[in-house]
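Trainee: One structure coming up, written as structure tokens, with questions to follow.
The values are calculated or read from the model by the stated rules, or taken from the named source; none is laboratory data. Because the structure is predicted, anything quoted here is derived from the model rather than measured. Virtual Cβ from ideal backbone geometry, glycine too; neighbours counted across all protein chains shown. Heavy atoms of the whole protein, side chains included, go into the accessibility calculation; ligands, DNA and RNA do not. Shrake-Rupley method; radii C 1.70, N 1.55, O 1.52, S 1.80 Å.
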Amino acid sequence: SKPTLAVVGATGAVGTVMLDILSGRPDVWGEIRLIASPRSAGKVLRVRGEDVVVRALSPEAFDGVDVAMFDVPDEVSAEWAPVAAARGAVAVDNSGAFRMDPQVPLVVPECNAEAVRERPKNIIANPNCTTLSMMAVLGTLHRRYGLRELVAASYQAVSGAGAAGAERLYDEVAALAGDRTVGTVAGDVRKAVPDLADSPFPAPIAFNVVPWAGSLKEDGWASEELKVRNESRKILGIADLKVSATCVRVPVVTTHSVAVHATFAEPVTVAEARDVLSAAPTVVVLDDPAAGVYPTPADVVGTDPTYVGRIRQALDFPNTLEMFVCGDNLRKGAALNTAEIAELVAAELAG
Ligand code: 2RA
């Protein structure tokens, strides 16, 4: 019989996309059980065309579950993924709680699918969306040319901060719309938007960009920037990869973009890199600037591939490419990659 899947956090921003993705993927699951906080228990959600009543998170909710996906805050995963694992499920966790645990594989199927099998805790981690947004591209190039250095600047969508992030952008845009002078005087946007104390972002996000994502870590680094470094090293299996990232929030609802400067051990040409990337099944090359063709988040949102364009040989850096990468942060950046990992486990259980 087909395995039972639990989706924990079914009502959140990623959970909602997950239900949509599960409804469109090959049907490898028997029962799909939806689990959320007691506050959301009893809600009815649709998955695979059927109504499913959301259950409250409890140890018993995992009984009979083969694979449990978690799309919940770090502290909820830290507590509950081990509970699911102790009850016999393989937990696939999209929080930051286990990503750097040496006993927990951190998996992007395009890069290290085989790592799902080494899971002594029966927990598998899904990377942060900013890292994930560029992994299909970097993993493909790494296999061919050997990645040595990565410098990245992100342009992160507001839905990375959850449903509240998107609500905030819409609210700010509504407050500013129609005023054809706003954005011309220092501080006028800040004055015109709703109280920033209620925002997930530390500055206005409409008509603005904010050089901050995540929480403050040592020496002025933002947590998102350190995640890009640590997670890229782990996923690609390059312990000494040189990485430097700057993470920036932009007024885009969904789809993260990253400007990537990647240096390789082997010589690389733009034409060949385009061919190598075009051959990768989950990568789409959109790269014809003369015709105005390059990826933009507004054109990418809601789709599954990782898009890359603006591929250039860096003029002053040998063996180095500049690229612009876009990926839907809720799909490949979160729910889709989690679903793909879960399907690898389902295949293993069946096999
Ligand atoms: C963000 N990467 O975009 C985070 C979400 N995990 O805020």
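Trainee: Bin width 20 Å, alpha-carbon pairs only: give the P(r) of the chain as whole percents, running from 0 to the bin holding the largest distance.
Mentor: The distribution over the chain is 30, 57, 14, 0, given as percents.
Trainee: Tell me what the chain gives for mean residue ellipticity at 222 nm when only DSSP H runs of n ≥ 4 count, each as -39,500 (n - 2.57), the sum divided by the residue total, rounded to 500 deg cm²/dmol.
Mentor: Per the formula, -9000 deg cm²/dmol.
Trainee: In addition: Using modelled backbone amide H atoms (1.01 Å from N, in-plane), which distant-in-sequence or interchain residues come within less than 5 Å of residue 284's amide H?
Mentor: Residues meeting the amide H criterion: 306, 307, 308.
Trainee: Please get the size of the charge dipole for the range 260-324, origin at its Cα centre, with Cβ charges of +1 on Lys and Arg and -1 on Asp and Glu, quoted in debye to the nearest 20. It would help to have the intermediate numbers written out before the result.
Mentor: On the way: 3 positive and 9 negative charges, 15 e Å.
Result for the range 260-324 is approximately 80 debye, rounded to the nearest 20.
Trainee: Let me ask something additional. As an exercise, use a Förster radius of 25 Å and the Cβ-Cβ distance of residue 171 and residue 223 to find the FRET efficiency, rounded to the nearest 0.05.
Mentor: My answer for the efficiency is 0.50.
Trainee: Which whole-number percent is the relative contact order of the chain (Cα, under 8 Å, 6+ apart)?
Mentor: Relative contact order, the chain: 19 percent.
Trainee: A further question on this structure: If you restrict to DSSP beta bridges whose two residues both lie in the chain, what percentage is antiparallel, to the nearest 5?
Mentor: Given both bridge residues lie in the chain, the antiparallel proportion sits at roughly 50 percent.
Trainee: Something else: Tell me, what HN-Hα J-couplings in whole Hz come from the Karplus equation 6.51 cos²θ - 1.76 cosθ + 1.60 at θ = phi - 60° for each residue of the range 143-150, using x for Gly and Pro?
Mentor: 4, 8, 10, x, 6, 10, 9, 9
Trainee: What Rg and what Dmax come out for the range 206-351 when only alpha-carbon atoms are used, in angstroms?
Mentor: 16.8, 52
Trainee: With unit charges on the beta carbon (Lys/Arg positive, Asp/Glu negative), name the residue among 157, 184, 146 whose Cα is farthest towards the positive pole of the charge dipole of the range 146-188.
Mentor: Sorting the options by dipole projection puts first 146.
Trainee: Determine the per residue accessible area of the chain with all protein chains present and a 1.4 angstrom probe, expressed in square angstrom.
Mentor: Per residue, the chain has 43 Å² of solvent-accessible surface.
Trainee: Under a 5 Å amide H to amide H cut-off, with H placed in plane at 1.01 Å, what residues pair with residue 33 once short-range neighbours are removed?
Mentor: So residue 33 has HN proximity to 5, 6, 7.
Trainee: For the peptides 290-298, 201-209, 218-226, 93-101, what is the packing order when you average, over each peptide's residues, the other Cβ atoms within 10 Å and list the highest mean first?
Mentor: My ranking of the peptides, most packed first, is 93-101, 201-209, 218-226, 290-298.
Trainee: Determine, from the Cβ-Cβ distance of residue 63 and residue 304 and an R0 of 51 Å, the FRET efficiency 1/(1 + (r/R0)^6), rounded to the nearest 0.05.
Mentor: 0.95
Trainee: I've got another one for you. Calculate one ³J(HN,Hα) per residue across the range 180-189 by plugging θ = phi - 60° into the Karplus curve 6.51 cos²θ - 1.76 cosθ + 1.60, and present them in order as whole Hz with x for glycine and proline.
Mentor: Whole-Hz 3J(HN,Hα) from phi for the range 180-189: 8, 10, 5, x, 10, 10, 3, x, 5, 5.
Trainee: Between residue 278 and residue 317, how high is the FRET efficiency from 1/(1 + (r/R0)^6) when r is the Cβ-Cβ distance and R₀ = 22 Å? Nearest 0.05.
Mentor: Using R0 = 22 Å, I get an efficiency of 0.40.
Trainee: Amide H to amide H, which residues 5 or more places from residue 246 or on other chains are under 5 Å from it, using H placed in the peptide plane?
Mentor: 152, 153, 154
Trainee: Would you work out what percent of the accessible area of the chain, with all protein chains in place, is carbon or sulfur (probe 1.4 Å)?
Mentor: Summing carbon and sulfur atoms, their accessible area is 54 percent of the total for the chain.
Trainee: Through the Karplus equation 6.51 cos²θ - 1.76 cosθ + 1.60, θ set to phi - 60°, convert the phi angles of the range 155-170 into ³J(HN,Hα) values in whole Hz; use x for Gly and Pro.
Mentor: The phi angles translate into 10, 9, 6, 5, 5, x, 8, x, 4, 5, x, 5, 4, 5, 4, 4 Hz.
Trainee: Rounded to the nearest 20 debye, what is the charge dipole size of the chain about its Cα centre when +1 sits on each Lys and Arg Cβ and -1 on each Asp and Glu Cβ?
Mentor: Here the size comes out at about 80 debye.
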